[in-house]
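The values are calculated or read from the model by the stated rules, or taken from the named source; none is laboratory data. Small disclaimer: the values here were computed from a predicted structure and weren't measured. Heads up, the Cβs are rebuilt from the backbone with ideal geometry, glycines too, and the neighbour counts pull from every protein chain shown.
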């Protein structure tokens, strides 16, 4: 998959735009800046936005091209982010050190998602939050973005099961108007989730 993403990110343009995801932006504004982990961060739009708000950001993605573009974006915005190139299948974050974890349109086979989401929970401090938005299974066949494989899309029960140890603040399926660059454009069916790790 890293080859696929390297090819997608090889263009000089930011294919998912440089503005943060709206759910991420709104939810991050409710939190006191601390340490943030961004999984599957791509070209850096959410990581750089968070850094501009005073967060210490660790980002991970499998694409070297994505890292290059993310670091360039950070430089243009006079901030720094720590960006690690590694497959989420192999990535193991530190435990109980993050105040928030962002998982924005990160799609993988369901069995792998269970592992990655469990590690994300373990990475949170007590009181820390997961901010997640993903495409719902009804997105399949739409042209507004997302995987073309049903097993890489989610439903409400998938997210509820994966994050059951957390207190759920938000868990909803909704249609949203996406304007996030070339590959996220138009009405999409998404799941939005915010969960808090209990002490």
Test set (1) touching a residue at least 40 places away in the same chain (Cβ under 8 Å); (2) closer than 18 Å to residue 142 by Cβ - residue 193 fails condition number: (2)
- prompt: Going through the stretch 115-157 one residue at a time, which ones are out of contact with any strand residue (DSSP E or B) (no Cβ under 6 Å at 6 or more places or on another chain), within 10 Å of residue 100 (Cα to Cα) and part of a helix (DSSP H, G or I)?
  reply: 121
- request: Select, from 20, 33, the only residue that is out of contact with any helix residue (DSSP H, G or I) (no Cβ under 7 Å at 6 or more places or on another chain), within 19 Å of residue 78 (Cβ to Cβ) and either surrounded by fewer than 17 Cβ atoms within 10 Å (Cβ to Cβ) or modelled with pLDDT of 95 or more (or both).
  value: 33
- request: Within the stretch 53-73, count every residue that is touching a helix residue (DSSP H, G or I) at 6+ places or on another chain (Cβ under 9 Å), surrounded by fewer than 21 Cβ atoms within 10 Å (Cβ to Cβ) and assigned to a helix (DSSP H, G or I).
  value: 3
- request: Would you please list the contacts, defined by Cβ atoms under 9 Å and residues six or more apart or on different chains, that run from a residue in the stretch 50-66 that is on the phi > 0 side of the Ramachandran plot to a residue that is buried (at least 21 other Cβ atoms within 10 Å of the Cβ)?
  value: none
- request: Name, by its number, the condition in (1) out of contact with any strand residue (DSSP E or B) (no Cβ under 6 Å at 6 or more places or on another chain); (2) farther than 18 Å from residue 64 by Cα that does not hold for residue 8.
  value: (2)
message: Going residue by residue through the stretch 81-91, is there one that turns out to be under 15 Å from the mean Cα position of the chain (by Cα), within 18 Å of residue 196 (Cβ to Cβ) and at pLDDT 95 or above?
response: no
